[in-house]
Amino acid sequence: MAGLDDLENRLDRIAVRVEGNVERAMKDCAQVVLRSVVEGTPVDTGTARSNWTPELDRAFEGLFPARVPGTMGSTGDANSVATIEAGAPVIEAFDIHANREIHITNNAGHIQALNYGHSKQAPADFVRIAVIEGLATVRGAKILDD
């Protein structure tokens, strides 16, 4: 039975490493999506950029004013930094044993129009571009160690 016990222990160690690698890949993907979608969002007052909100296992339902109010895009970079800094700890709190999903939501009333290309500041489908960038980040992730 020693052979079976050794095999069981080895498989348990592999499972722990796989779970940890999957958890890290999910976090890395979500961080890239958050950064890309925030920075890709056109900005006037800062409200749309400020409302990208990660939440674990459910979509965020609230709405924020601009984190750094401005006009004509004057605070775009500051809103990007503030939004990414606010969201990063939520993503890092993801625990593969306690959580199933990381949602990144924007409830600004005009976000859909912006994503459809309403603003000349950003291409249409900047949300899809952000998701593609996130997936590209984890495409080569090592889930099972050698």
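Worth a mention:
- Among residues of segment 5-40, those that are of a type in the set (D, E, K, R), more than 16 Å from Ala130 (Cα to Cα) and either surrounded by 12 or more Cβ atoms within 10 Å (Cβ to Cβ) or touching a helix residue (DSSP H, G or I) at 6+ places or on another chain (Cβ under 7 Å) (or both), counted: 4
- Evaluating Ile132 against the criteria (1) open to solvent by 50 Å² or more (accessible area, probe 1.4 Å); (2) within 30 Å of Asp12 (Cβ to Cβ) leaves one unmet condition, (2).
- Selection within segment 41-55 - surrounded by fewer than 21 Cβ atoms within 10 Å (Cβ to Cβ) and either at positive phi or within 12 Å of the chain's Cα centre (by Cα) (or both): Glu55
- With respect to the conditions (1) touching an Asp or Glu at 6+ places or on another chain (Cβ under 9 Å); (2) surrounded by 16 or more Cβ atoms within 10 Å (Cβ to Cβ), His103 lacks only one, and its number is (2).
- Test set (1) within 30 Å of Leu11 (Cβ to Cβ); (2) open to solvent by less than 80 Å² (accessible area, probe 1.4 Å); (3) more than 16 Å from the chain's Cα centre (by Cα); (4) touching a residue at least 40 places away in the same chain (Cβ under 8 Å) - His97 fails condition number: (2)
- Within segment 61-83, if we keep just the residues that are buried (at least 18 other Cβ atoms within 10 Å of the Cβ) and either of a type in the set (Ser, Thr, Tyr) or closer than 18 Å to Val127 by Cα (or both), the residue that is nearest to the chain's Cα centre (by Cα) turns out to be Thr83.
- The single residue among Val38, Val16, Val22 that is under 19 Å from Thr137 (Cα atoms) and more than 12 Å from the chain's Cα centre (by Cα) turns out to be Val22.
- Number of positions in segment 106-125 that are in contact with an Asp or Glu (Cβ under 9 Å, 6 or more places away or on another chain) and open to solvent by less than 40 Å² (accessible area, probe 1.4 Å): 3
- Within segment 79-125, being modelled with pLDDT of 95 or more, of a type in the set (D, E, K, R) and more than 21 Å from Glu23 (Cβ to Cβ) holds for one residue alone: Glu85.
The values are calculated or read from the model by the stated rules, or taken from the named source; none is laboratory data. Only a predicted model underlies this, so the values are computations on that prediction, with no experimental measurement involved. Glycine gets a Cβ as well: all are built from the backbone with ideal geometry, and neighbour counts include every protein chain shown. Calculation scope for accessible area: heavy atoms of the full protein, side chains included, ligands and nucleic acids excluded. Shrake-Rupley method; radii C 1.70, N 1.55, O 1.52, S 1.80 Å.
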